[in-house]
Structure formats: C-alpha cells, structure tokens
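Colleague: Have a look at the structure that comes next, please.
The values are calculated or read from the model by the stated rules, or taken from the named source; none is laboratory data. Because the structure is a prediction, the values reported are computed rather than measured. A quick note on method: Cβ atoms are made from the backbone with ideal geometry, for glycine too, and the neighbour counts reach across all protein chains shown. Protein only, heavy atoms only, side chains kept; ligands, DNA and RNA dropped before computing areas. Shrake-Rupley method; radii C 1.70, N 1.55, O 1.52, S 1.80 Å.
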Amino acid sequence: MCCGRWSFWSNFSLNHRVIMVFSKRKMKQFLAFGVTIVLVICLYKSWGSPTNGVSHYAYDDGDSNVIGGEDNAAIEQDHRRVGPSPERLVLSVADRSGQKRQPNDDAVGRPGPLDDVELVLAQSKPQRPPLRKGAFVADSAQKRHHVPSLNDLDPDDLDRESRLNELHEAKRQILELERKIQELEGRIPRKYPDVTFLNYKNRKRILITGGAGFVGSHLVDYLMMQGHEVIVADNFFTGRKRNVEHWLGHENFELIHHDIVNPLFIEVDEIYHLASPASPPHYMYNPVKTIKTNTLGTINVLGLAKRVGAKVLIASTSEVYGDPDVHPQPETYWGHVNPIGPRACYDEGKRVSETLSYAYAKQEKVNVRVARIFNTYGPRMHMNDGRVVSNFIIQALQNQSITIYGSGRQTRSFQYVSDLVDGLVSLMASNYTQPVNLGNPVERTIQDFAEIIRDLVGCKSKIIELPAVEDDPQRRKPDISRAKKYINWEPRVPLQEGLMKTIDYFRKELARSNHSQRNIFVPETTEFRSLL
C-alpha cells in the first residue's frame, strides 16, 4: 500500500514538473511573441508610410559610420526636430561605460567609435536583403553609393511628394475624362455650322428622298446652309446615317427611316426624289425592288406633291440613253436601251419615272423638274458600289491592280458632286420643265482615267483588263446646251482638284479603326467657291 502511494506521488510530482517546465517554455514564447507584436505595432505607428523603400528613421543612433555620409549632421538636425523615434529608443545600445548613449550625442556630425553590438549590426547589414516597404534597415552597401537626401528623410518632403503624386493622378484622370468627352462629342455632334437665317416667308420645308446617300447628303448640306428646313427619308439600303450625322439634332433637320415604296404623308414645299440605287452592283442585287423604287416610289412622291401642292424634282439618269447611237447625247435623243438586259431594271425604271412625272404634270398639274444625271464622283461615295472612280481609287490606295472591264477605250464624262448639287438647285429654282442634262462635257477614256488616278495616288499599281460587261455603254458625253441656256449652269471644279478631295476622303476611310474617328466632309457652296 505504501509502495503504491509512493509510486502515485512520485508519478504525480514528475508529471507536475514536466507540466511546469512545459508551461514556462510556452509562457516565455508567448510573452516573447506578444512583446514582438507590440514592438512591431509601435514601430509601424511611429514610422509611418515608408517612401522609396527608405524610412525617415534609421538605425544609426547618431553614428555616421552606420548611415555613412557628409549629410549626417543635417539628417541628425532633422531627427532632432521630429524627436527621437521609438525604434531609436528600442535599438539604442549601451556604450562600454554602461551608460545609454543619447540620440543627440553625435548631432554635430563627428563620427564616433562603434561598440561591439553596432559592429555586429554593421557587419550583418550587407547580408540583409534590400529594404522594401515595411522593412527596417536599408542595405549598407547601397548607402555607401547613395547618400540619403532630405527628400528621403524629411516628413515635409514626403508630404510634398505625396501631394505631387496626388496631383499627377488627378491630372491623368482629367485627361482621361477629356478624352471620353471628345469621344462623346464625336458621337453626338452639338456644334453646327452657322446656317443662314431665313424668316418664315422665305424658309421652305424640303423633302429629300434618298437624302442619306452619296448625292443626297451633299444636297442636304447645301440646303441646310441656305437656311431651309430639310427632311430626309431613306431606307439606308445604300445610304448611311454617317453621311448626315453632323446635322442630327439641328432644329431645321429631320431624319425619317422610310422606304418610299410605301406612301409618306408630310407637309412640304419642295421634293427632291433621289431615292434609288445608282451603281450596277446595287441595282442588280434586287432588280424588282429597283423597279418598284423607280415606279411605285415615284408615284408616291408625285401623289404627295399633288396633295400638298409641292414642286418636285425627279433625279433621272444618263442611262435612259442606253448605249447611244448619237454622240454627244442631247435631251431630245430617245435612247438605245435593251429592255430585257441586266441593266434594264434601272434604265427602264428611270424611263418610266420620267413618263410618270410628265403624266402627273399634264393630268394633275404637278410642277415637275427632270434632271438627267451623268457620271458623278466625290466624297461619301460608297466604297463598294462598283463604279469606276471608287474602284480605281480603292485599288490604287491598297496597291492592288487597277481593273478595267473591256478594252479601256470606252469613254465617260465625270463631274464633281458639288457641281451636280448646284445644277439640281438651279433647276429646281427655274421655270424650265423639260429634261435637262447635268454632266461634264469633257470626255475621257477609262484607260486615261485609271492612269490619272494612279499618278495622283502615287502608287505603282498595274492596269489589267477584264472581260467587258454586258450592255456597257461605249461612249458617254452630255450635251449641256439646255443647262447653259435655261438655268445658267455648267461644271466648274477641275478633274484633278475633285479627284484629290475624293482620294483624301477614301484614304481617311481606309485608315478608320473605330466609330469615334469621324470623316465628315462638307462640300463648299457656289458662293464660297466664287469667293476663292
């Protein structure tokens, strides 16, 4: 029994000693960890945010050998101003006399002897990694080559640097906002050209069918600048909203997404009926729709003009002459057209459009004008419309071979779009009701035209010949005697001048990479060109 008790108390005593030893070790570790945490927190709060990887408190304790450099006195004066930091108090070491060296002992900049602890610290610094944000000590090897300046150590300088960084960030944000504002202004134009002001008596409400197309958009620019109210009706088959976007929101402008094959009920004073695809690839894409646009669409336009008493101008074409036997072509020539050929949907459609116009004029007393438009070029041409000018310019700008359909000896007469607009406006304002040719009487071969464009672009594209197109007219030259006599009109823009403007437009179009890169071209009016 005694042996049992003795064994029990022996085991209990041994276990209690083991527990006590273990508890003491744990307690020491816990205390050490707690003290470390407290010191780190104190150091972090007193240290602040390090700048450039170097704190404005250093472990030199006034010793220039640790920090090293001629500016130690200035640094110590700066330390004296801000007061001793907790880490300097914690890491200060006792000198050999047993007294604690104060931080201001070496304020005059005299290097003092290093004690054993400082020597150990100094020798161990080269093996430490470079100071990073939150670290305590900088690499002494780097300090020998780079002496800390006041910008690194002075809190005022640190505040100044922080303010500069804030200013730079604010400036960057302002620039970003300005860029976004410019993009928004490009998408929604808010500044319009100074248009002429017309009173209620002189201002007209003008409808342009197909007004978002190539010719129609230039006519919109002209009439808007004259101060009239313009309404554009377009189904955007070949037209584009970008052609008239610079007028969106203007009090005198209105855009209607409408197909003129369907009736349109609005109040207008004049109508320019330009709605119809005009290039062979476009009007051959849907021949039935082309015929409907030039027949049903013309009926709707003439019916609207009859109902509201508006004057109407029908945009016809030189294609009503077909492949002509008479050269040059006067308005009295009846034409040579294949009624069942691939181009008949457009040729015969325009011929029916003219027939309807004069039928309404005779029966319903509608005031009509008919313009037979010859080949026209200029900015805002559709890049893929398959016409001579756009094809040649695009191929030359891309250093591709310039393709000619046929021998290249067939002739065309090219007029600049602003000349055509002047002719349309003059014809509408006149009292002449018979068809009028609007074109350039200067005749050129397709081969010559391709060479001119190649030289103006400055490329080395080859000119190659492809099989001829069916029913392609071999000669085309207008007789503009009527235009000169009755509306006092003739083209004025030289070929090279107009081609350079067109080439510049297509070059910008090919360089566009996003919607914010606007390519708005407003043609000059007749008055502006006369001033030049």
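Colleague: Please list, ordered by first then second residue, the pairs with beta carbon atoms under 6 Å, 6 or more apart or interchain, first in region 480-496 and without any contact (Cβ under 8 Å) to a residue 24 or more places away in the chain and part of a helix (DSSP H, G or I), second open to solvent by 30 Å² or more (accessible area, probe 1.4 Å) and among the acidic types (Asp, Glu).
Modeller: 484/490
Colleague: Got a sec? Which of 451, 470, 465 is among the charged types (D, E, K, R), open to solvent by 30 Å² or more (accessible area, probe 1.4 Å) and assigned to a strand (DSSP E or B)?
Modeller: Numbers: 451 fails: assigned to a strand (DSSP E or B); 470 fails: assigned to a strand (DSSP E or B).
Criteria check complete, one pass: 465.
Colleague: Search region 396-409 for residues being touching a residue at least 60 places away in the same chain (Cβ under 8 Å) and open to solvent by less than 30 Å² (accessible area, probe 1.4 Å), and hand back the single one that is farthest from residue 284 (Cα to Cα).
Modeller: Out of the qualifying residues, it is 396.
Colleague: Of the numbered conditions (1) at pLDDT below 95; (2) open to solvent by less than 40 Å² (accessible area, probe 1.4 Å); (3) part of a helix (DSSP H, G or I); (4) of a type outside the set (Val, Ile, Thr), residue 277 satisfies every one except a single condition; which is it?
Modeller: Failing condition for residue 277: (3).
Colleague: Please enumerate the residues belonging to region 288-314 that are closer than 21 Å to residue 374 by Cα and open to solvent by 10 Å² or more (accessible area, probe 1.4 Å). Even if it seems obvious, please write down each step before you answer.
Modeller: Of region 288-314, the ones closer than 21 Å to residue 374 by Cα are 290-291, 293-295, 298, 312-314.
Correct list: 291, 293, 295.
Colleague: So for region 241-256 (the condition being crowded, with 18+ Cβ neighbours inside 10 Å, of a type in the set (S, T, N, Q) and within 26 Å of residue 384 (Cβ to Cβ)), does at least one residue qualify?
Modeller: yes
Colleague: Considering each residue of region 180-218, count those that are under 26 Å from the mean Cα position of the chain (by Cα) and at pLDDT 90 or above, and give that number.
Modeller: 8
Colleague: Anything in region 225-234 that is under 20 Å from residue 267 (Cα atoms) and either at pLDDT below 95 or aromatic (Phe, Trp, Tyr) (or both)? List them, or say none.
Modeller: 226, 227
Colleague: Condition first: within 12 Å of residue 453 (Cβ to Cβ) and crowded, with 22+ Cβ neighbours inside 10 Å. Can you find one or more residues in region 381-389 that meet it?
Modeller: yes
Colleague: Please verify whether region 269-283 includes one or more residues that are of a type in the set (A, V, I, L, M), under 22 Å from residue 469 (Cβ atoms) and over 29 Å from the mean Cα position of the chain (by Cα).
Modeller: Scanning region 269-283, I find at least one residue that is of a type in the set (A, V, I, L, M), under 22 Å from residue 469 (Cβ atoms) and over 29 Å from the mean Cα position of the chain (by Cα), so the answer is yes.
Colleague: Can you pull out every residue in region 355-374 that is open to solvent by 20 Å² or more (accessible area, probe 1.4 Å) and over 18 Å from residue 422 (Cα atoms)?
Modeller: Matches in region 355-374: 355, 356, 358, 359, 360, 361, 362, 363, 364, 365, 367.
Colleague: Now, a different point. For region 416-448, which residues satisfy the criterion of being part of a strand (DSSP E or B), open to solvent by less than 10 Å² (accessible area, probe 1.4 Å) and within 11 Å of residue 477 (Cα to Cα)?
Modeller: Of everything in region 416-448, those that are part of a strand (DSSP E or B), open to solvent by less than 10 Å² (accessible area, probe 1.4 Å) and within 11 Å of residue 477 (Cα to Cα) turn out to be 437, 438.
Colleague: Look through 492, 518, 482, 529 and report the one residue that is within 22 Å of residue 379 (Cα to Cα), open to solvent by 40 Å² or more (accessible area, probe 1.4 Å) and modelled with pLDDT of 80 or more.
Modeller: The match here is 492.
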